[in-house]
Amino acid sequence: MRRDSLAFRLIAGAALWSVIALVAGGLVLSTIFRNSVENSFDSRLNVLLHSLIATTEVNAQGEIVRQRGLSETRFDLAYSGWYWQIWPVAPRPALRSRSLFDQSLDLSAAEAVERNAIGLKVFDTVGPENQPLRVVERRVMLPGYDVPVSFAVAGERSEMNMEIQSFNTWLIVSMVALGAGLLVALLIQVRYGLRPLENVRASLAQIRSGRATRLEGEFPSEIEPLAEELNSLLENNREVLERARTHVGNLAHALKTPLSVLTNEARTHDGPFGETVRRMVTQMREQIDRHLTRARMAASANVLGANTPVKPVLMGLANALERIHAERGISIEIICDDETGFRGEAQDLEEVAGNLLDNACKWAEEEVTISVHARGIERRNRPFIQIVVEDDGPGLPEDARKTALKRGARLDETKPGSGLGLSIVTEIAELYGGELKLEAAKKGGLRAELYLPASTTAA
């Protein structure tokens, strides 16, 4: 998934907010549970404190005595973590639970704690064996006693801490599981939600490869206007190209008649004037044909949906050229897969392949090979096909290969032709974003490599 894709942005944004919400929710739940457990623990201590006060009185001798023990048996076990302590403010002996044994509660932390509305203090301290304790303490005036008496009950925090830790552990596990579930749901939702865009892309690929002429299928209401506009654009593009081709054809016919008249008139004059007119008319016809052809090729090279199977075109050209060169015994071998396609119009493929094959047959001794490769060939991130034409003729030296690509260049006047073939191939290849290369063939002749865009069937 690319970072600049819509799917990544949607998933990343939703995932970020989900993480923030889950973390915030986890912290809130953990805090609420901690406060609830602490309040419950404090309430339990407060009940024990009230029981301690209720079972304490002053006897006839003015001494503080306990009437009965508390219901919590851990107050009788040495260093159990549950303790109570009674002591007067004046320096008199304090009463302690058996669990304290020979120790006393450290109540120094109570000095920094304010009493609540009923005179109760709740604070944390450390027990006899470094136990973390939760303490509730209250001062009470007992009947028959002249000074306030402090009552304190302490319980070990480890029980409460273990309960909080257990809850937090399960909370983290639950939040992680919930986050993973949300992430999976987001992936499914985004993939499902963006699938219509993938369908649009696939439909456009079908159009570009020539297997469709418009966007087909049902699209969501948000995508349907886009599909309609694209179909309108494709239809308008076809209409514009058809009008351009019609104008090109009309121009060609409009110019042929005046040129024919000039040619006929020039034939009636045998002098230098007639020869000059005939030569100029011939050059004009060649220039008109050249530019009209380029205009037609420029239009067809950008036609969406143009797709031409390569092998049938090559077979037709090979049969025609073998008949033309039958007296020389030239054979043409074709190596091409049936599914290989050219993303362009058939007449353009016939033009370039025909020129290369015709040139190879003129110079070959016995054999010409044309092979087409499509696998793994890319140019500008687009699939291309490579058409290779080789002959077993004399070939060309390296400095002559560049000259051969120039328009009108003829390296041997004994061979028929105008010298325009290879330059036309170069022009057509460039219009399609490809190129033509000339190299030495393994058989000793010339090797021409032509690159043209491939249809998706070739990719």
Open item on the list: Cβ-Cβ distance below 7 Å, separation of 6 or more or different chains: which pairs start in the range 144-170 with a residue that is closer than 16 Å to L27 by Cα and end on one that is modelled with pLDDT of 90 or more and open to solvent by 60 Å² or more (accessible area, probe 1.4 Å)?
Closed with: I164/R34
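Residues checked against (1) at pLDDT 80 or above; (2) within 48 Å of the chain's Cα centre (by Cα); (3) surrounded by 15 or more Cβ atoms within 10 Å (Cβ to Cβ); (4) not aromatic (F, W, Y):
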| residue | (1), (2), (3), (4) |
| --- | --- |
| A400 | no, no, no, yes |
| A404 | no, yes, yes, yes |
| T414 | no, no, no, yes |
| L420 | no, yes, yes, yes |
| A429 | yes, yes, yes, yes |
| G444 | yes, no, no, yes |
| R447 | yes, yes, yes, yes |
| Y451 | yes, yes, yes, no |
| S455 | no, yes, yes, yes |
Open item on the list: I need the full set of residues from the range 29-43 which are surrounded by 14 or more Cβ atoms within 10 Å (Cβ to Cβ) and either of a type outside the set (D, E, K, R) or within 15 Å of E137 (Cβ to Cβ) (or both), in order please.
Closed with: L29, S30, F33, V37, F41, D42
Task: Selected residue [closer than 30 Å to P309 by Cα and under 49 Å from the mean Cα position of the chain (by Cα)] from L187, L204, L183 - done: L204
Open item on the list: List the residue pairs whose Cβ atoms are under 7 Å apart, where the first residue sits in the range 30-49 and is without any contact (Cβ under 8 Å) to a residue 40 or more places away in the chain and farther than 19 Å from L171 by Cβ, the second is among the charged types (D, E, K, R) and open to solvent by less than 20 Å² (accessible area, probe 1.4 Å), and the two are 6 or more positions apart or on different chains.
Closed with: none
Open item on the list: Anything in the range 138-162 that is under 23 Å from R98 (Cβ atoms) and open to solvent by 10 Å² or more (accessible area, probe 1.4 Å)? List them, or say none.
Closed with: R138, V140, L142, E156, R157, S158, E159
Open item on the list: Consider the range 346-366. How many of its residues are open to solvent by less than 60 Å² (accessible area, probe 1.4 Å) and of a type outside the set (A, V, I, L, M)?
Closed with: 7
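Just to be sure, is I188 free of Cβ contacts under 8 Å to residues at least 40 places away in the same chain, assigned to a helix (DSSP H, G or I) and among the aliphatic types (A, V, I, L, M)? Don't jump to the end; show me each part of the working.
On the way: free of Cβ contacts under 8 Å to residues at least 40 places away in the same chain: yes; assigned to a helix (DSSP H, G or I): yes; among the aliphatic types (A, V, I, L, M): yes.
Against the criterion (free of Cβ contacts under 8 Å to residues at least 40 places away in the same chain, assigned to a helix (DSSP H, G or I) and among the aliphatic types (A, V, I, L, M)), I188 qualifies.
From the list R279, R296, R290, R285, pick out the single residue that is surrounded by 14 or more Cβ atoms within 10 Å (Cβ to Cβ), at pLDDT 70 or above, of a type in the set (K, R) and in a helix (DSSP H, G or I). Walk me through how you get there before you give the answer.
On the way: R279 fails: surrounded by 14 or more Cβ atoms within 10 Å (Cβ to Cβ); R296 fails: at pLDDT 70 or above; R290 fails: at pLDDT 70 or above.
After ruling out the rest, the residue left standing is R285.
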Task: Test result for S209, modelled with pLDDT of 80 or more and of a type in the set (S, T, N, Q) - done: no
Task: Odd one out for D270, checked against (1) modelled with pLDDT under 75; (2) in a helix (DSSP H, G or I); (3) of a type in the set (D, E) - done: (2)
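Return the only residue of R115, R134 being in contact with a Gly (Cβ under 7 Å, 6 or more places away or on another chain) and open to solvent by 20 Å² or more (accessible area, probe 1.4 Å).
Details: R115 fails: in contact with a Gly (Cβ under 7 Å, 6 or more places away or on another chain).
The conditions single out R134.
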Open item on the list: For the range 57-114, give me the residue count where each residue is charged (D, E, K, R) and in contact (Cβ under 8 Å) with a residue 60 or more places away in the chain.
Closed with: 1
TODO: Answer yes if at least one residue in the range 331-345 is open to solvent by 50 Å² or more (accessible area, probe 1.4 Å), of a type in the set (F, W, Y) and at pLDDT below 90, and no otherwise.
DONE: no
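Take the range 355-369 and flag every residue that is farther than 13 Å from Y451 by Cα and among the aliphatic types (A, V, I, L, M).
Taking the range 355-369 and keeping what is farther than 13 Å from Y451 by Cα, we get 355, 357-369.
Correct list: L357, A360, A364, V368.
The values are calculated or read from the model by the stated rules, or taken from the named source; none is laboratory data. Just so we're clear, the structure is a prediction, and the values are computed from it rather than from any experiment. So basically every Cβ, Gly included, is an ideal-geometry build from the backbone, and we count neighbours across all protein chains shown. With ligands, DNA and RNA removed, areas are computed over all heavy atoms of the protein, side chains included. Shrake-Rupley method; radii C 1.70, N 1.55, O 1.52, S 1.80 Å.
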